[in-house]
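Since every read-out is calculated from the coordinates, none of them should be taken as a lab result. Keep in mind the model is a prediction, meaning the values are calculated, not measured. Ideal geometry is used to build each Cβ from the backbone, glycine not excepted, and the neighbour counts take in all protein chains shown.
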Amino acid sequence: MGESSGRRWFLKSVAAAGVAVPAAAWGADPHSHDGHGEHVAQAGSVKGQSQPQVYGWLTQPEQAFIEAAVARLIPADELGPGAKEAGVSYFIDQQLAGAYGTMARNYKQGPWPEGTPQQGYQSRLMPQEIYRAAIMEINAYCSGRYGKSFEALSAAQQDEVLGDLEVGKVAMESVGASFFFGLLLANTMEGFFADPIYGGNRDKVGWKLVGFPGVAAVYTQHVEKYGVPYDALPISIVDIMEHRAELDETGHPKHVLLVRKD
């Protein structure tokens, strides 16, 4: 898929999943996306974060695969940075390194029948195990078909592989191809829209894309302003923790409203 069509496809999938996507137009000046900072693989400073990003679970080949894959699932385009620029690969790594990766809060006993799409996660494998095994198998598949690992393929070839995974055309022993694609897509969307405190949504690019203001403010003065867009500079938990956001007497952040461009 092309970059622009890919972003439109992504936004369509978000809307279908029930996520509100306001028609906010982000342009230059205060609306600008400036999350194009370099993402260092093992450690590096990230704009808006005082601590270096150090991967806790993914190996170098796995990092390369995920960075390449999320860059195709949510590509950078004329609307702003994509998943790679937003640090989604680091978000996924942090989730896998923590309780999510080991299913610490999930029931992990059998039986293990084939589930339905409505039943959600049904694998006996932990997310850590799924990612590790699936990436190894997909890279082996790419090497056999194209003579290169996934991250070394052209964008068109990567899209072809992802499309084949989505419909289950790639034979995998560890886990179903479509199941892994669904997990990767869900984690990519989570990393693109989660609060930056979790490692993704760098510089709040996901929130800026859809016009989400972040941590809730007091909206009483806006309740009766029907049909008036609420365009605000997003505020994250990190902004509050590091005292970059002004709070009101109730402890809620004071949103800075932006002027919508025509």
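Key figures
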read-out: FRET E, pair Val259, Val54, Förster distance 45 Å, beta-carbon r, rounded to 0.05; value: 0.70
read-out: Amide H contacts under 5 Å for Ala232, placed H, 5+ residues apart; value: Leu258
read-out: Normalised alpha carbon radius of gyration of the stretch 155-209 [divisor 2.2 N^0.38 Å]; value: 1.38
read-out: Residues in the stretch 68-88 reached by a label modelled at Ile237 [backbone nitrogen below 18 Å; 7 Å Cα→Cβ]; value: 87-88
read-out: Ordering of 168-178, 201-211 by burial proxy (mean other Cβ atoms within 10 Å per residue, highest first); value: 201-211, 168-178
read-out: Translational diffusion coefficient (Stokes-Einstein; Kirkwood radius from C-alpha pairs) of the stretch 118-253 at 20 °C, 1.002 mPa s, in µm²/s; value: 118 µm²/s
read-out: Extension reserve of the Arg145-Glu166 stretch, reckoned as 0.36 nm per residue once the Cα distance is removed; value: 5.8 nm
read-out: Gyration tensor (Cα) of the stretch 185-254, equivalent ellipsoid semi-axes in angstrom; value: 23, 17, 8
read-out: Segments 153-160, 192-199 sorted - mean Cβ within 10 Å per residue, highest first; value: 192-199, 153-160
